[in-house]
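Here is the structure we will look at.
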Amino acid sequence: MGSVINKLSAPAAFLATEFVIIVLGVLAAFAVDEWRDARAQDELRAHLIDGLISDLEEDAVDYAEFVDASRTRITAAEFLLSQADELQAGGSVDAVSVGDALFQIGRSPRLETVVSTFSEMTSSGSGAAIGAATLRIEISSYYGLARDRADINQTLLPGMLSYRRALEELGFSFVDRERITAEVVLRDRRILAIIRGIAYLAEVAVALGEDLGAANRALLDELLEVRARGSR
């Protein structure tokens, strides 16, 4: 009887061992899959954060240039208006400086934001890889603000085009600089009115550019901190 039991228990023990091996194999496969998924998510998160940081750093430079160009336009407008007053009072004007100022007024700075990584996140639905919902909201808010602030480009455009057309009607281009007859331009009331409008909008542009620059710095600092924590 004992030999019969031993013969029956041997296959049972074998099946139990095989079952355990199969279960362990399945669990190991799940563990490997989870590890691969986690690694892929970590790599995607690092890729997105690196991309956002790179885009934000480029934005910071562009915003600073936009603000500087807008301030330069304000300075140029104030100088031209003061020269027009000087001319009206019977004084003389510096033709070279007037030509340079007219050139600065004619330039068209644009407030632009790099959206390549953010577009990748939204189009692929990979934003969840960033992690914390609060950070994702901050990123979305920043790009929403950037989109709203970009409206200033269309606001500035009509004044710039009107200015260029008014100069052309006098026979000049804003790029002519020293070839522009300063007295002719500074006695033109239409051009002076346009310059005043450009100066006002340039002040608005400075405020918007600085506001967006502050949001940029705040988000950039946070993402740099997130990346630093992740690399430890």
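The values are calculated or read from the model by the stated rules, or taken from the named source; none is laboratory data. Just so you know, these numbers come straight off a predicted model, no measurement behind them. Because the Cβ atoms are built from the backbone with ideal geometry, glycine has one as well, and the counts that use them run over all protein chains shown. Just the protein is used for accessible areas: all its heavy atoms, side chains included, with ligands, DNA and RNA removed. Shrake-Rupley method; radii C 1.70, N 1.55, O 1.52, S 1.80 Å.
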Quiz item: So, of the residues in segment 116-159 that are part of a loop (DSSP other than H, G, I, E, B) and hydrophobic (A, V, I, L, M, F, W, C), which turns out to be farthest from VAL226 (Cα to Cα)?
Solution: ALA150
Quiz item: Pairs under 8 Å by beta carbon, first residue of a type in the set (Asp, Glu) in segment 74-92, partner modelled with pLDDT under 95, six or more apart or different chains?
Solution: GLU86/SER92; GLU86/VAL93
Quiz item: Has segment 204-213 got any residue that is under 16 Å from ALA101 (Cβ atoms) and either surrounded by 13 or more Cβ atoms within 10 Å (Cβ to Cβ) or among the charged types (D, E, K, R) (or both)?
Solution: no
Practice problem: May I ask you to verify whether SER141 is of a type in the set (Gly, Ala, Ser) and under 14 Å from the mean Cα position of the chain (by Cα)? | Solution: yes
Practice problem: Hey, can you tell me all the residues within segment 113-127 that are under 13 Å from ASP55 (Cα atoms) and without any contact (Cβ under 8 Å) to a residue 40 or more places away in the chain? | Solution: SER119
Self-check item: Answer residue from segment 167-185, given it is part of a loop (DSSP other than H, G, I, E, B) and not small (Gly, Ala, Ser) and is least open to solvent (accessible area, probe 1.4 Å) among those
Solution: ILE180
Quiz prompt | Residue satisfying all of: in segment 56-66; in contact (Cβ under 8 Å) with a residue 12 or more places away in the chain and open to solvent by 10 Å² or more (accessible area, probe 1.4 Å); nearest to SER108 (Cα to Cα) among these | solution = GLU65
Quiz item: In the list SER92, SER162, SER108, which residue meets the criterion of being of a type outside the set (A, V, I, L, M) and not in a loop (DSSP other than H, G, I, E, B)?
Solution: SER162
Practice problem: Say whether the condition of being modelled with pLDDT under 95, in a loop (DSSP other than H, G, I, E, B) and open to solvent by 70 Å² or more (accessible area, probe 1.4 Å) is met by at least one residue in segment 71-89. | Solution: yes
Quiz item: If we keep just the residues of segment 100-122 that are surrounded by 17 or more Cβ atoms within 10 Å (Cβ to Cβ) and within 15 Å of THR75 (Cβ to Cβ), which is modelled with the lowest pLDDT?
Solution: PRO109
Practice problem: Answer yes or no: is there a residue in segment 150-158 that is buried (at least 19 other Cβ atoms within 10 Å of the Cβ) and more than 19 Å from THR117 (Cα to Cα). | Solution: yes
Quiz item: Considering LEU24, LEU44, which residue is more than 29 Å from GLU138 (Cα to Cα) and either surrounded by 10 or more Cβ atoms within 10 Å (Cβ to Cβ) or at pLDDT below 85 (or both)?
Solution: LEU24
